[in-house]
Amino acid sequence: MALKPLSPVLERLRAHVLEHSVKRGEFVLKSGAKSSWFLDTKQTACSPEGIIAAADAVMAAFEDVFDSIDAIGGLTMGSDPVAYGVAAVAAARGRNLRSFSVRKEAKQRGITGRIAGALRPGDRVLVTEDTTTRGTSLMEAAEQIEAFGANPVWMTVLVDRGGTCAAMAQERDIDYRPLLTAPDLGFGFGT
């Protein structure tokens, strides 16, 4: 099956994901579903070429609002390399935003709570994740960001493999822009 053409920025990200992050075999996903392919997108987000491609794609996808974004982050571990990498690459290019993580559970000592990093109350936030199938991690992160007093306004993932997150984001009035989708990689949603 021929892949649909993408912008040069997204083509570079897609090529990296296909070469380094797509695994074939028999897998059980977090959702419990079985699949013949798996995305280990940390192989893209944690490599120098991959995170630069991801940062370029994020900055292009959100070019119209990038200067309005104060912070980028999401639920640890999936968001961490994306959020920190995008923030670092953007800063090197003169576009500043803070990064943070949402812990899976509240810390009881020191700086308590679920937010770790440079998020501030009132920040306008780009919530991120490396891969989503159902969107639950993104929505959990958005809830914690709101509970902290910041505003989850935008949402992105390197790859949306499930196709259900857009409707969930729309219900919460969050602007969702996945960088790549399962069909962009030659697979069906949820397969």
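For M59, the conditions (1) loosely packed, with under 13 Cβ neighbours inside 10 Å; (2) assigned to a helix (DSSP H, G or I); (3) in contact with a Phe, Trp or Tyr (Cβ under 8 Å, 6 or more places away or on another chain) all hold with the exception of (1).
Just checking, how many residues over segment 131-151 are in a strand (DSSP E or B) and under 13 Å from the mean Cα position of the chain (by Cα)?
Result for segment 131-151: 2.
Scanning segment 85-130 for residues that are basic (K, R), assigned to a strand (DSSP E or B) and touching an Asp or Glu at 6+ places or on another chain (Cβ under 8 Å) returns R98, R114, R124. With surrounded by fewer than 17 Cβ atoms within 10 Å (Cβ to Cβ), of a type in the set (A, V, I, L, M, F, W, C) and without any contact (Cβ under 8 Å) to a residue 12 or more places away in the chain as the only criterion, which of A116, A91 stands out? After applying the criteria, what remains is A91.
Taking the conditions exactly as written (among the hydroxyl-bearing types (S, T, Y), surrounded by fewer than 17 Cβ atoms within 10 Å (Cβ to Cβ) and out of contact with any His (no Cβ under 6 Å at 6 or more places or on another chain)), does S21 satisfy them or not? Criteria not met by S21. In segment 4-16, is there at least one residue being among the hydrophobic types (A, V, I, L, M, F, W, C) and either in contact with a Phe, Trp or Tyr (Cβ under 9 Å, 6 or more places away or on another chain) or modelled with pLDDT under 95 (or both)? No: segment 4-16 contains no residue that is among the hydrophobic types (A, V, I, L, M, F, W, C) and either in contact with a Phe, Trp or Tyr (Cβ under 9 Å, 6 or more places away or on another chain) or modelled with pLDDT under 95 (or both). Within segment 158-174, the residues that satisfy the criterion of being in contact (Cβ under 8 Å) with a residue 60 or more places away in the chain and either surrounded by fewer than 16 Cβ atoms within 10 Å (Cβ to Cβ) or in a strand (DSSP E or B) (or both) are L158, V159. Looking only at residues of segment 32-48 that are exposed (fewer than 13 other Cβ atoms within 10 Å of the Cβ) and either in a helix (DSSP H, G or I) or of a type outside the set (D, E, K, R) (or both), we find that the one that is modelled with the lowest pLDDT is G32.
Here D173 passes the criteria (1) within 15 Å of the chain's Cα centre (by Cα); (2) at pLDDT 95 or above except the one numbered (1).
I51 - would you say it is of a type in the set (A, V, I, L, M), under 25 Å from A116 (Cβ atoms) and either touching a residue at least 40 places away in the same chain (Cβ under 8 Å) or out of contact with any helix residue (DSSP H, G or I) (no Cβ under 8 Å at 6 or more places or on another chain) (or both)?
Answer is no for this residue.
The values are calculated or read from the model by the stated rules, or taken from the named source; none is laboratory data. Small disclaimer: the values here were computed from a predicted structure and weren't measured. Cβ atoms come from the backbone with ideal geometry, glycine included; neighbour counts cover every protein chain shown.
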